[in-house]
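*Asks:* The structure that follows is given in the form of structure tokens.
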Amino acid sequence: MTNKPQNGKIFIVLIVALLTTMVVSATVGAADITVVSSLKIFLSHILSYTPILGIQIDLTDIPSSHIAIVSNIRLPRILLSFLVGYALSVVGVAFQGMLKNPMADPFIIGTSSGAALGAAIAIMLKLNTAFLGIGFVSIFAFCGALLSTFIVYNLARSKAKVPVTTLLLAGVAIGQFFTAIMSFIMIISSKDVTSIVFWTMGSFSSRGWNHVWIAFFPILIGSIVLFFFSKDINLMLLGEDTAENMGVEVERTKKIILITSALMTAVAVSVSGIIGFVGLIIPHIARMIVSPDNRILMPASGLIGGIFLVVVDTFARTIIAPTEVPVGIITALSGGPFFIYLLRRSKKMI
Amino acid sequence: MKKSIEVKDIAFKYNDEMILKKLNVAIKENTFISIIGPNGSGKSTLLKTIARNLLPQEGAVFLKEKNLQSYSAKDLAKEMAVVPQTTEVNYNFTVEDIVLMGRHPHIKRFKREGVKDFEIVKEAMELTNTWHLRDRFINEISGGERQRAIIARALAQESKIILLDEPTSALDIHHQIEILDLLKELKEEKDVTIVAVLHDLNLAARYSEEILLLYEGEVVTIGSTEEVITVENLKKAYNIDMIVERNVYTGDLQVFPISAKNKLNKRCKKSKLLHIVCGGGVGKDIIQSLYEEGYDLSIGVVNIGDSDWEIGRILNLKIAEESPFSEISEEAMKKGSQLATEADAIILTSIPIGKGNLKNLQIVKEQLEQGKTVYFYNEYKHVTKFDYTNGDGIKMLEHLKYLGLLTLNCKAELIKVLKG
């Protein structure tokens, strides 16, 4: 709460780390591109959005294939993985605070199961065509995520209130139910099993600028909304009654957070599949190294989550190239041990 | 004085169980009111209803003559702060962070805390003696410190009403007194209205100006401490006999429950009439015991306001009394002699003897000379100094023993001897 000077430093460090990660990530890969040329391409993209400065970057000494690879393949992938990591981590912070539950993640209210079911249906129905540049699988996943959240919310609601415990339990119940339907679909159309399983493990392969643009605004606006409620979430950590007594409209705040988070998660899931672990672990890591104050924690967690997913996706596409490893596998493999290390080192309760 | 909170016809039920039954309560401004009552009487429910954490099924609460429901959360928080029963926080916020959260209703959504907010927080923390804890984590300080920090947070809210739900139940006696002293000070200096649910009757009697006594969701009585803390009222709510007396040191009312067991064997009247010479509180224990045994009692001569006198009055005994802090007058002595003469036996307790009550021994002497049985119940036999008359008292006592005063050192023995 108190605006300690080190908080400013933390954000500078995080932003520098983010930019470095992005440039390095754009350099790594099958094509032999140098750091300098990827940096140049980056800058030229940034400057093309700020024509007022009138600065031109000379790209003539870089092979046009390299420019194409960085601009059309690697850059959108990097940006998208950042956006998804950012969204999941911000929502994770909001849910853990709102539900006062350290086990909460963006998928806890049934979002992932709904999305997976939607995707499975689309895959089963062979809806390979695209709509506005977005595949039907994504659209179905988006609708599934929203539908399950909507059902969970209405199941949990009693009169004007949404008790947190009921919300969690309804989320788990609906999640199991939807997963069961998805498993059933996998049984009856067994040739689709591989694509469904791959989708549920998350991936950024062959995602382009259209995905970035679709994800960008909902996630940006959603995170700004959540950020405006970060102080209310701080107060809600002390208990809902206490928060109410201190002037927070608890039920209204919960509704806004739930709806905003559900939309952000649905968007993230529809462009990337289900990437577990990020929304659970990154908020804890950020809480340990930054502060439990949600006003600082939320943006910090978003940045850390974004950086983390950019790094993870870089590994995903290079470790056993040309085969892509699903991102969800690497997040769990790397995030788990690191989190345990932090837990043991700080020996603090979460 | 103006009404601050008005509870009108409130009914509240959990499922089908009525917790509050058509409750009506008015709370004045700038008072210290305690809500007392046995478990399940609806104390906390009432407090939560006033805090708007619970919505009553019937009736309404009015704050400054406006329905509580018509306040926005922030406006209500500016009027009223709440210190909940459990104050544990599981996240490592610093104490200052927690107190600063109390400023929430005063800060617009898109603004941060300003210099003024930090000043108010500092003042609240200094008042509650928590400023030195400001950089400590809230989950690492002691229960008493945390309670003070939460009160500081309530203060930072700058509301004129503070509601507290059993603020001292988890604290040791030192911290209990510390918290209640603090609340009293806030009431005096900051014109805050304190509404507290308290479990401890003695603390409630000692600190509050007014008391609301609840029993099974209904108001037994509400009023000044003196009016509420009476044997009849407490018996209605707690279903147990109590002795109410005035503490010699603090002058506050004090409650002693008499064990619930004794209530069962009904007091059977005995025909013997006993007169007890007491004073200064040395007699209250034996008076209670003999009263429970079923004897008719009279006491005297005692000063009005003395704790022995209080008990005599509560139990409705015949009393030879004298005005407070005065020497026994001829008239009182005559009354004392008369009561002693009427009695079948007399019990002299180990009263501290001073110039003022030497006449009590005189009465005993007369009775001994007339051949009446007098027991000297020396409960405080290890206390040697009870003579404040430079030897006259001791001399008199020796003389009484010579005349046939029977010394007994324990209560059981005395009761046995009396039964014959």
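The values are calculated or read from the model by the stated rules, or taken from the named source; none is laboratory data. Note that this is a predicted model, so its numbers are computed, not measured. We place every Cβ from the backbone using ideal geometry, glycine too, and count neighbours over all the protein chains shown.
*Asks:* Looking at the range B:121-160, which of its residues are within 14 Å of chain A (Cβ to nearest Cβ), under 23 Å from B:Ser4 (Cβ atoms) and of a type in the set (Val, Ile, Thr)?
*Replies:* B:Ile150, B:Ile151
*Asks:* Just give me the residues in the range B:69-91 being in contact with a helix residue (DSSP H, G or I) (Cβ under 6 Å, 6 or more places away or on another chain), at the interface with chain A (Cβ under 7 Å from one of its Cβ atoms) and part of a loop (DSSP other than H, G, I, E, B), in sequence order.
*Replies:* If the condition is that a residue be in contact with a helix residue (DSSP H, G or I) (Cβ under 6 Å, 6 or more places away or on another chain), at the interface with chain A (Cβ under 7 Å from one of its Cβ atoms) and part of a loop (DSSP other than H, G, I, E, B), then B:Pro84, B:Val89 are the ones that fit.
*Asks:* Within the range A:201-215, can one find any residue that is surrounded by 14 or more Cβ atoms within 10 Å (Cβ to Cβ), among the basic types (Lys, Arg) and under 26 Å from A:Ile329 (Cβ atoms)?
*Replies:* The answer is yes; a qualifying residue exists.
*Asks:* On to the next question. B:Ile138: in contact (Cβ under 8 Å) with a residue 60 or more places away in the chain, at negative phi and surrounded by 17 or more Cβ atoms within 10 Å (Cβ to Cβ), yes or no?
*Replies:* no
*Asks:* Tell me, please, whether a residue that is more than 25 Å from B:Ile36 (Cα to Cα) and more than 9 Å from every other protein chain (Cβ to nearest Cβ) can be found in the range B:47-63.
*Replies:* The answer is no, given that none of the residues of the range B:47-63 is more than 25 Å from B:Ile36 (Cα to Cα) and more than 9 Å from every other protein chain (Cβ to nearest Cβ).
*Asks:* Of the numbered conditions (1) facing chain A (nearest Cβ under 9 Å); (2) surrounded by fewer than 17 Cβ atoms within 10 Å (Cβ to Cβ), B:Lys108 satisfies every one except a single condition; which is it?
*Replies:* Checking B:Lys108 against (1) facing chain A (nearest Cβ under 9 Å); (2) surrounded by fewer than 17 Cβ atoms within 10 Å (Cβ to Cβ), the one that fails is (1).
*Asks:* Take B:Glu145 and decide whether it is of a type in the set (D, E, K, R), modelled with pLDDT of 90 or more and part of a helix (DSSP H, G or I).
*Replies:* Against the criterion (of a type in the set (D, E, K, R), modelled with pLDDT of 90 or more and part of a helix (DSSP H, G or I)), B:Glu145 does not qualify.
*Asks:* Of all helices (runs of 4 or more DSSP H) completely enclosed by the range B:168-256, which ones contain at least 1 residues that are buried (at least 16 other Cβ atoms within 10 Å of the Cβ) and more than 10 Å from the chain's Cα centre (by Cα)?
*Replies:* B:173-190, B:225-228, B:231-238
*Asks:* With respect to B:Val301, is the statement that it is farther than 28 Å from B:Gln254 by Cα and either assigned to a helix (DSSP H, G or I) or modelled with pLDDT of 85 or more (or both) true?
*Replies:* In short, no.
*Asks:* Filter the range B:222-256 down to the residues that are within 30 Å of B:Pro324 (Cα to Cα) and of a type in the set (Ser, Thr, Tyr) and list them by number.
*Replies:* B:Ser224, B:Thr225, B:Thr230, B:Tyr249, B:Thr250
*Asks:* When you scan the range A:113-136, do you find a residue that is buried (at least 21 other Cβ atoms within 10 Å of the Cβ) and in contact with a strand residue (DSSP E or B) (Cβ under 9 Å, 6 or more places away or on another chain), even just one?
*Replies:* yes
*Asks:* Follow-up question, since we're still on this one. Run B:Met101 past the list (1) facing another protein chain (nearest Cβ under 7 Å); (2) farther than 24 Å from A:Glu249 by Cα and report the number of the one that doesn't hold.
*Replies:* Condition (2) is where B:Met101 drops out.
*Asks:* Related question: (1) at pLDDT below 90; (2) out of contact with any Phe, Trp or Tyr (no Cβ under 7 Å at 6 or more places or on another chain): which one isn't true of B:Ile150, the others all being true?
*Replies:* Result: B:Ile150 fails condition (1) only.
*Asks:* Related question: Here is a list of conditions, (1) among the charged types (D, E, K, R); (2) touching a residue at least 24 places away in the same chain (Cβ under 8 Å); (3) surrounded by fewer than 16 Cβ atoms within 10 Å (Cβ to Cβ), and B:Glu158 meets all of them except one; can you say which number that is?
*Replies:* Of the numbered conditions (1) among the charged types (D, E, K, R); (2) touching a residue at least 24 places away in the same chain (Cβ under 8 Å); (3) surrounded by fewer than 16 Cβ atoms within 10 Å (Cβ to Cβ), the odd one out for B:Glu158 is (3).
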